[in-house]
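Asks: Handing you this structure, nothing more for now.
The values are calculated or read from the model by the stated rules, or taken from the named source; none is laboratory data. No experiment lies behind these values; they were computed from the predicted model shown. Cβ sites come from the backbone with ideal geometry, for glycine too, and all protein chains shown count toward neighbours.
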Amino acid sequence: MKHQPITKDKNGLDVYGIGLYWDDVEVGYRFRTLGRTITEADITLFVGATGMVEEMFTNVEYISEVSVIGSRPVPGSLVFCIAEGLLMQSTMQRTGMAFLEADLKIHRPTTAGDTIHVECEVVEARATSKPGRGLMRTANRVVNQRGEVVASYNPLRMVKSRPQP
């Protein structure tokens with residue numbers, strides 16, 4: 001990663017928690033997020049909010065009788081959303097402008113009680129034709145507590161340039 005000077009507020013105080021600017025990273029830079037355990041409550045709230053009321057997510061008796069997984073599965077779209085939340089907290093605060101595209105693959109089941117984190121590698125970082133912004137693509141691997149890759153995706157984002165003093 002290139003040298004990243006601290007952002008200052010209008011009073012000259014250092015501001016921590018600002019996300020990555022596209023021009024602060026180089027292709028090949030790798031990092032990981034903190035982890036997060038996906039709970040039964042997360043699944044219930046997500047299924048209710050999205051209307052994904054398929055019995056595999058809502059009926060524990062059905063799950064115990066029919067599922068080959070053996071426990072309550074997490075919708076793949078929820079795994080993706082939680083992965084994105086982990087990234088928003090650490091890399092996009094005040095710098096992210098737009099999520100443009102991604103290919104998503106679910107590699108294996110995630111179940112209630114699993115803890116995931118995201119491992120990222122910057123594979124593209126370049127300026128756009130408009131000043132003050134660039135494009136950044138990462139190769140993201142969502143990894144569970146057993147070190148298994150449960151999902152992967154490659155988002156292309158529009159990201160702010162570092163403000164010039």
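Asks: Is at least one residue of the range 4-22 out of contact with any Phe, Trp or Tyr (no Cβ under 6 Å at 6 or more places or on another chain), acidic (Asp, Glu) and within 15 Å of GLN93 (Cβ to Cβ)? Write out each step before concluding.
Replies: As a first pass, look at the range 4-22 and keep what is out of contact with any Phe, Trp or Tyr (no Cβ under 6 Å at 6 or more places or on another chain): 4-22.
If we keep only those that are acidic (Asp, Glu) as well, we get 9, 14.
Subset that is within 15 Å of GLN93 (Cβ to Cβ): 9, 14.
Taking every residue of the range 4-22 in turn, at least one turns out to be out of contact with any Phe, Trp or Tyr (no Cβ under 6 Å at 6 or more places or on another chain), acidic (Asp, Glu) and within 15 Å of GLN93 (Cβ to Cβ).
Asks: Quick check: is even one residue across the range 113-133 assigned to a helix (DSSP H, G or I) and among the small types (Gly, Ala, Ser)?
Replies: Pass one, the range 113-133, residues assigned to a helix (DSSP H, G or I): none.
Scanning the range 113-133 turns up no residue that is assigned to a helix (DSSP H, G or I) and among the small types (Gly, Ala, Ser).
Asks: Of all residues in the range 75-96, which are on the phi < 0 side of the Ramachandran plot, surrounded by fewer than 16 Cβ atoms within 10 Å (Cβ to Cβ) and not small (Gly, Ala, Ser)? It would help to see each step written out before you state the result.
Replies: Within the range 75-96, the subset on the phi < 0 side of the Ramachandran plot is 75-93, 95-96.
Those left that are additionally surrounded by fewer than 16 Cβ atoms within 10 Å (Cβ to Cβ): 77, 81, 85, 88-89, 93.
Hits for the range 75-96 are CYS81, MET88, GLN89, GLN93.
Asks: Then there is this: Would you please name the residue that is nearest to ALA112 (Cα to Cα), looking only at residues in the range 45-59 that are of a type in the set (A, V, I, L, M, F, W, C) and surrounded by 14 or more Cβ atoms within 10 Å (Cβ to Cβ)?
Replies: If we filter the range 45-59 for residues that are of a type in the set (A, V, I, L, M, F, W, C), which is where we start, we get 45-47, 49, 52-53, 56-57.
In the following step, the residues that additionally are surrounded by 14 or more Cβ atoms within 10 Å (Cβ to Cβ) were identified as 46-47, 52, 56-57.
Working: PHE46: 13, VAL47: 13, MET52: 16, MET56: 12, PHE57: 10 Å.
Filtering first and then ranking leaves PHE57.
Asks: So which residues in the range 102-140 are of a type in the set (Ser, Thr, Tyr) and in contact with a strand residue (DSSP E or B) (Cβ under 9 Å, 6 or more places away or on another chain)? Spell out the reasoning first.
Replies: Here is the first cut: in the range 102-140, the residues of a type in the set (Ser, Thr, Tyr) are 110-111, 115, 128-129, 138.
Result: THR110, THR111, THR115, THR128, THR138.
Asks: Can you tell me which residues in the range 62-117 are among the polar types (S, T, N, Q) and either at pLDDT 95 or above or within 25 Å of VAL15 (Cα to Cα) (or both)?
Replies: Step one: filter the range 62-117 for residues among the polar types (S, T, N, Q), giving 64, 67, 71, 77, 89-91, 93, 95, 110-111, 115.
Residues satisfying the conditions are SER77, GLN89, SER90, THR91, GLN93, THR95, THR110, THR111, THR115.
Asks: If I filter the range 104-115 for residues that are of a type in the set (Gly, Ala, Ser), surrounded by 13 or more Cβ atoms within 10 Å (Cβ to Cβ), over 26 Å from ILE18 (Cβ atoms) and within 22 Å of the chain's Cα centre (by Cα), do I get at least one hit?
Replies: Yes, the range 104-115 contains a residue that is of a type in the set (Gly, Ala, Ser), surrounded by 13 or more Cβ atoms within 10 Å (Cβ to Cβ), over 26 Å from ILE18 (Cβ atoms) and within 22 Å of the chain's Cα centre (by Cα).
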